[in-house]
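The next block holds one structure in the form of structure tokens; read it before the comments.
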Amino acid sequence: MLSFTIQNVLIATNDDYVTVDVQVVDGKIAAIAANLEVIGTAIDGKHKLLLPGFFNAHTHSSEMWQRGIMSVLPLELWLAELYDFAPLDIEQVYLSALGTAVETLLSGGTSVVDHLVLIPGQELETIAIAIRAYKEVGIRAFIAPLIQDQSLTAGIPSGESTQNHEPYFRSTAATLEIIEEAVKKFHRPDEGVSILVAPTGIQLCTDDLFVGCIELSDRYNLCRHSHLLETRAQEKLAQEKYGCTAVEHLQRIGYLSDKTSLAHCVWLNDADIAILSETQSTVVHNPLSNLRLGSGIAPILKYRQAGVNVTFGCDGASSNDSQDLLEAIKIGSILHNVTDLDYQYWITPRKSVEMASLGGAKGLNVADQLGSLTVGKQADFVLYDLTNLSLLPRTDPIGLLVLGRPSNVVNSAWVNGKQIINNGKFTTINVDELRQELFTRSQWETKRKSETVAQIETHYRTVMGL
Ligand SMILES: [Zn+2]
């Protein structure tokens, strides 16, 4: 059913709402106006709000297996613990990708950027199975295979000491070959699956890896993704590694562009912000993860004033510990009311919605096709039930959605004109079966000890002055 007409639905105008009909033909928005002729199936939009689908613009799906149990630690130590307990199998990757897609959709997201952790030796299989999961659910998937070419300890600054790091288990060239293979096999934007080049960040990647990714990005027209300056330790490390900021370095080697989205961006100075603006790079704001790991508060209001495009991500579920996009949008918006006295710059609910939709589309270079309710764009949108208790009494629908605590408010969702959720239920997969699988393949846990954390903690504390 790629052609349908939603009747009498509320949509947002510049500063108000209107009731209209929305015609979708062959997966694209064909018309938006009052009293349109019904094409295809008629869908009742009464007492419902239609918004463009949001982008969960940065996450790591397989972290779902460790949500709720990770120690309360800063990123560098948290990562060590994560990887000590990370060995996953292909089936787990499949299930957590399903779970990530479901939770994203139920909180208004129709696209996900999965900075996907690859199982060593089964890299292409990992990518294939995650794509299978996303296709089964029907969410639009941007797969950013997470790559690095330095071992974990290289991500901590040396300080006064001399540190030796084990070489990474796979060569830079071999890693780039895997990505190129993945692009050839799986990059099908027209079918809702895109591959991104996605070195994990300056903390664990050489310039060779970044430059190789730039070449692939240019050759195959791929978007670029990376973590950037998530922690104070990374800010220090950049100075040790390059003698300048990470942003200056990434600009110098040519990684920043209007196709580049950068997760976190907490520790940037004013000159760095000007560079992001100049290069038209996108910042992906992951407020919950930044709070959970004590990384800091990203200067989002400064980015916006400098004209930098900003959108939202949940980040992986073990630093969040959920994939509720509406929650990330809420916290990521009101958090900044405490960082900037001048309330004229605070983020309004309507701005939040625009950042989450059009902002995401811009960051993935698809703003001409996605991110707003515009005739000619793809029908990726979400219908919210305005009679839900959490959206009552009737005031401002977008205000309720962004600032409230909406639960079970998604009535329907479509991607590329295909209906994925109907009346609150998935039409594509059996969510009860997914719950059962997640339940049986896990167990209640309380105590576990990370050996790697024990090995590196003393050095981390010294170098961070703790
Ligand atoms: Zn991340």
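Just so you know, all these numbers are worked out from the coordinates, no wet-lab data involved. These numbers were taken from a predicted model, which means no experiment stands behind them. In this analysis, Cβ positions are derived from the backbone assuming ideal geometry, glycine residues included, and neighbour counts consider all displayed protein chains.
Rounded to the nearest 0.05, what FRET efficiency do residue 394 and residue 3 have when you use their Cβ-Cβ distance and R0 = 25 Å?
Numbers: r = 32 Å, r/R0 = 1.26.
The pair residue 394/residue 3 has a calculated efficiency of 0.20.
What is the calculated FRET efficiency for residue 277 to residue 38, with r their C-beta to C-beta distance and R₀ = 45 Å, to the nearest 0.05?
Details: r = 45 Å, r/R0 = 1.01.
The pair residue 277/residue 38 has a calculated efficiency of 0.50.
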By how many degrees, 0 to 90 and rounded to 10, does the Cα axis of helix 325-334 deviate from the longest principal axis of the chain? 80 degrees
So residue 218 and residue 184, fully extended at 0.36 nm per residue minus their Cα-Cα distance, gain in nm 10.8 nm
When the Karplus curve 6.51 cos²θ - 1.76 cosθ + 1.60 is applied with θ = phi - 60°, which whole-Hz ³J(HN,Hα) does each residue of segment 255-262 get, with x for Gly and Pro? 7, 7, 6, 6, 10, 9, 10, 10
Report, in deg cm²/dmol and to the nearest 500, the calculated mean residue ellipticity at 222 nm for the chain, where each DSSP H run with n ≥ 4 adds -39500 (n - 2.57) and the sum is divided by the residue count. -10000 deg cm²/dmol
Residues meeting the amide H criterion for residue 309 (H placed from the backbone, H to H distance under 5 Å, 5 or more places apart or on another chain) are 283
Which one, 408, 419, 344, projects farthest toward the positive side of the charge dipole computed for segment 332-466 from Cβ point charges (K/R +1, D/E -1)? 408
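Net charge near residue 275, counting Lys/Arg +1 and Asp/Glu -1 over other residues with Cβ under 12 Å of its Cβ? Don't skip to the end; give the middle numbers.
On the way: positive: 252; negative: 248, 270, 272, 278.
Within the 12 Å Cβ shell, the charges total -3.
Give, in nm to one decimal, the length gained when the segment between residue 291 and residue 160 is fully stretched (0.36 nm per residue of separation minus the Cα-Cα distance).
On the way: separation 131, 0.36 × 131 = 47.16 nm, distance 2.88 nm.
Gain on extension, residue 291 to residue 160, equals 44.3 nm.
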Cα-based Rg and Dmax for the chain, in Å, come out at 21.7, 73
Taking 7 Å along the Cα-to-C-beta vector as the label spot, tell me the residue 374-residue 14 distance in nanometres, rounded to one decimal. 1.7 nm
Phi-based couplings in Hz for segment 423-437 (Karplus 6.51, -1.76, 1.60; Gly and Pro marked x): 6, x, 10, 6, 8, 9, 10, 9, 5, 5, 5, 4, 4, 4, 5
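Tally Lys and Arg at +1 and Asp and Glu at -1 over the other residues with C-beta under 14 Å from the C-beta of residue 251: what net charge comes out? Write out the running numbers ahead of the final one.
Working: positive: 224, 252; negative: 207, 248, 258, 272, 278.
For residues surrounding residue 251, the net value is -3.
Kindly state, to the nearest 0.05, the FRET efficiency for residue 341 paired with residue 86, given R0 = 45 Å and r defined as their beta-carbon distance. Spell out each step's value before the answer.
Details: r = 42 Å, r/R0 = 0.94.
For residue 341 and residue 86, the calculated efficiency is 0.60.
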Helix 75-84: inclination vs the chain longest Cα principal axis, degrees, rounded to 10, gives 90 degrees
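Provide the packing ranking of 405-411, 39-45, 375-381, 440-446, i.e. peptides ordered by the mean count of other C-beta atoms within 10 Å per residue, highest first.
Highest mean packing first, the order is 375-381, 405-411, 39-45, 440-446.
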Any chance you could give the angle, 0 to 90 degrees and rounded to 10, that helix 123-137 forms with the longest Cα principal axis of the chain? 20 degrees
Could you let me know the centre-to-centre spacing of segment 423-466 and segment 337-361, using Cα atoms, in angstrom? 31 Å
Using θ = phi - 60° and the Karplus curve 6.51 cos²θ - 1.76 cosθ + 1.60, what whole-Hz ³J(HN,Hα) does each residue of segment 438-443 get, with Gly and Pro shown as x? 5, 5, 6, 8, 9, 8
Each label sits 7 Å from Cα toward the beta-carbon; between residue 387 and residue 466 the label points are separated, in nm, by 5.2 nm
Please compute the Cα-Cα pair-distance distribution of segment 387-466 with 10 Å bins starting at 0, giving whole percents from short to long. 13, 20, 22, 18, 22, 5
